[in-house]
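The values are calculated or read from the model by the stated rules, or taken from the named source; none is laboratory data. This structure is a prediction, so every number in the text was calculated from the model and none was measured. Neighbour counts run over all protein chains shown; Cβ positions are idealised from the backbone, glycine included. Note: areas computed on protein heavy atoms with side chains; ligands, DNA, RNA excluded. Shrake-Rupley method; radii C 1.70, N 1.55, O 1.52, S 1.80 Å.
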Amino acid sequence: MGWWRSLSAVLALTAAACGVVVYGWVDPDGVPAAVAYVLVVTGASVGAWIAAARAPRGQRVVPRLIALGVSLTSVGEAVWFTLDLVGARTDVSIADPFWFASYAALCAALWIVLARGPGRAGARVDLGFTLDLLTIVAVSVLLCWSFSLQSILTDSSLPPLVRVVSAAYPLADAILLALVVRVVVSSTARASLGVPLVTGACLWLVADVAYVLSFEGDVATTLTGVAWMVATVSLAIAAGRIGTPPPHPGHPGHPGHPGHPEARSAFRSPAAQLTVALGPLAVPPALELARDLRGEPDRPLQLLAGTAVLIALAAVRTARLIRSEEHARRQLEAARDAALEASLAKSMFLANVSHELRTPLTTVVGMGELLADTELDDFQSGLLRRLNRSGTRLRALVERTLDFSRIEAGRVELDTTEFDVHAMASDVAELYAPRAATAGVTFQWHVDPAVPRLVVGDPGRLFQVVTNLLDNALKFTEEGQVGLHLRVAACPAGGPEAGDQLELVVWDTGIGIAEQDLESVFESFTQVDDSMTRRYDGTGLGLAICRELTGLMGGTVTVQSTLGVGSTFTARIPVRRPDEDDAPVPHPPPPPLRRRRESMAR
């Protein structure tokens, strides 16, 4: 059955081509040319109805409208040639209603596809689509008025009815042109209607414009007739190739989907919409300028009317664009607020859960440390070491999650306390030297003599930044050295008055970081290589917390690293020397581990 349809289509096209050749070969005003013309357009109408009948059920409205338009055209052509052969007047005849009806059928088919889409009954007509049509119609009418309409309506040698009917054709062409242009700029409509329909409509318009402008000569007459014949054949072919309805809005093929090409088309960008709104305003002045260059008299009424219509359309389009921008901004603000609320709820949840976990976990770890002081055999000691090691890791994870959730929720408050920097560095060294020795790594630390002993800041957060950096260095260093260096650098321009920058430098000879990954190491829940999450413990929060805390204290943290050589992290934190009004602190706060062990011993 498929081969028979293909053969039928080939035979029909061959017959149409023969008719076009005969029409172009003979005298365009003779009987053979008229017969060939009528046979081609009649055969095209029959083929269009056959194609419409074969369309899938529920998708036959547009093909039937196209077939109706082609059929009305063929009837009108047959009536016109009959009247011409019998010597009757053909300037205004009974053929004109058939031609106008064919315009209406074709425009209806294009309108359905553009405004609602085939098979999508009940869809709303978009205001932007309507404005596009009205703008193109207004510009087309202005052009037609300048080149043909005014001369037709002011020709006193023609009867009034002839002038009205002759002027109605350019108006119908303007409407059809508006729909065709809208089809061309819509990828969905082009895909649904196909190339034959667009080609046929364009040839129809070209032939009609050539006829209205009254080009003289046999060549012009032949070309105009050939264009009409090819147009009807193309429309008949289009009746059998109407595409399927557009997919649902969530499908990537729908024009509203972000990935669809039409979602990025020129008519959807605000700048292009503004250009489309204001660009047509240049048409009336341009036509008036062309008239002046040709030496024709001015037509101020035409300039005023055309400009007024286009200004009204531009005002409506601009107001719609402004409203759509405001609506989009409100949607973005609502989405932002919802995202912030969700992030805050997540942070509060993490803070609450982490707090509830930390209390019993601290007890378990403390009990294990106390149990280590009792008499145990080798097997029990091994189990206890595993227990303490796993408990310590879990406690560090919970504490970092709690810290990060507090930072995200904006619940971190900084203290302003006088403390001993040298003592804090000594406590850090006392805490990490045994850990480094256990890992087979040498730990070095040094405090520059220029570092003041007493400064004012937040000792707890400063201690947390240093320990996080050292934890990270020890974790990724299997052999070699890990070091801590405290020094002072002058505050940059615009820094705190009479203040210093305390530089905390943590360096290691570990695995290092590739240059392209230096920025990503400070992102939350991120490690340079996903495979490291299996080889190295951690969640990727330590460095993110360091960056957030240093930022809260008005400082920065940077990294320099060479892959396979090692890394150097530098935290620069503004501090100030104590004044007489600052209350001294006799002893620095002990590190968290020592504080917990003392409390458990008590």
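For S186, all conditions in the list (1) of a type in the set (G, A, S); (2) touching a residue at least 60 places away in the same chain (Cβ under 8 Å); (3) closer than 21 Å to T307 by Cβ hold save one; what is the number of the exception?
Unmet condition: (3).
Restricting attention to the stretch 424-451, report how many residues are more than 22 Å from G542 (Cβ to Cβ) and open to solvent by 20 Å² or more (accessible area, probe 1.4 Å).
So the answer is 6.
For every residue, the table says whether it meets (1) more than 32 Å from the chain's Cα centre (by Cα); (2) hydroxyl-bearing (S, T, Y); (3) open to solvent by less than 30 Å² (accessible area, probe 1.4 Å).
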{"position": "L133", "(1), (2), (3)": "no, no, yes"}
{"position": "A138", "(1), (2), (3)": "yes, no, yes"}
{"position": "W145", "(1), (2), (3)": "yes, no, no"}
{"position": "V162", "(1), (2), (3)": "yes, no, yes"}
{"position": "L171", "(1), (2), (3)": "yes, no, no"}
{"position": "S186", "(1), (2), (3)": "no, yes, yes"}
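Does at least one position in the stretch 391-412 carry a residue that is open to solvent by less than 40 Å² (accessible area, probe 1.4 Å) and at pLDDT 90 or above?
no
Can you find a residue in the stretch 452-459 that is in a helix (DSSP H, G or I) and touching a residue at least 40 places away in the same chain (Cβ under 8 Å)?
yes
If only one of D373, D415 is within 18 Å of G555 (Cα to Cα), open to solvent by 50 Å² or more (accessible area, probe 1.4 Å) and of a type outside the set (A, V, I, L, M, F, W, C), which one is it?
D415
What number of residues within the stretch 295-310 satisfy the criterion of being modelled with pLDDT of 80 or more and either open to solvent by 90 Å² or more (accessible area, probe 1.4 Å) or at positive phi (or both)?
1
Give the stretch 273-326 a look and list any residue that's farther than 21 Å from D132 by Cα and under 31 Å from the mean Cα position of the chain (by Cα), or say none.
Within the stretch 273-326, E326 is the sole residue that qualifies.
Tell me, which helices (runs of 4 or more DSSP H) wholly within the stretch 132-201 include 2 or more residues that are touching a Cys at 6+ places or on another chain (Cβ under 8 Å)?
Filter on the stretch 132-201 gives 160-184.
Please verify whether G24 is open to solvent by 20 Å² or more (accessible area, probe 1.4 Å), modelled with pLDDT of 60 or more and in a helix (DSSP H, G or I), treating the condition exactly as stated.
no
Taking the residues in the stretch 475-496 that are open to solvent by 60 Å² or more (accessible area, probe 1.4 Å) and in a strand (DSSP E or B) as candidates, determine which candidate is modelled with the lowest pLDDT.
So, considering only residues that are open to solvent by 60 Å² or more (accessible area, probe 1.4 Å) and in a strand (DSSP E or B), the one modelled with the lowest pLDDT is A490.
Could you list all residues from the stretch 311-326 that are farther than 14 Å from V139 by Cα and either loosely packed, with under 14 Cβ neighbours inside 10 Å or not hydrophobic (A, V, I, L, M, F, W, C) (or both)?
A315, R317, T318, A319, R320, I322, R323, S324, E325, E326
Looking for something within 30 Å of R395 (Cβ to Cβ) and either touching a Pro at 6+ places or on another chain (Cβ under 7 Å) or loosely packed, with under 11 Cβ neighbours inside 10 Å (or both) - is there at least one such residue anywhere in the stretch 333-354?
yes
Of all the residues that make up the stretch 61-88, how many are surrounded by fewer than 19 Cβ atoms within 10 Å (Cβ to Cβ) and polar (S, T, N, Q)?
1
Only residues in the stretch 509-536 that are over 21 Å from F404 (Cα atoms) and of a type in the set (D, E, K, R) count as the first member; pair them with residues that are part of a loop (DSSP other than H, G, I, E, B) and at pLDDT below 80, Cβ under 7 angstrom, at least 6 apart or cross-chain, and list the lot.
D517/V528
Tally the residues that are surrounded by fewer than 17 Cβ atoms within 10 Å (Cβ to Cβ) and either under 16 Å from W507 (Cα atoms) or touching a Leu at 6+ places or on another chain (Cβ under 8 Å) (or both), restricting the search to the stretch 452-474.
0
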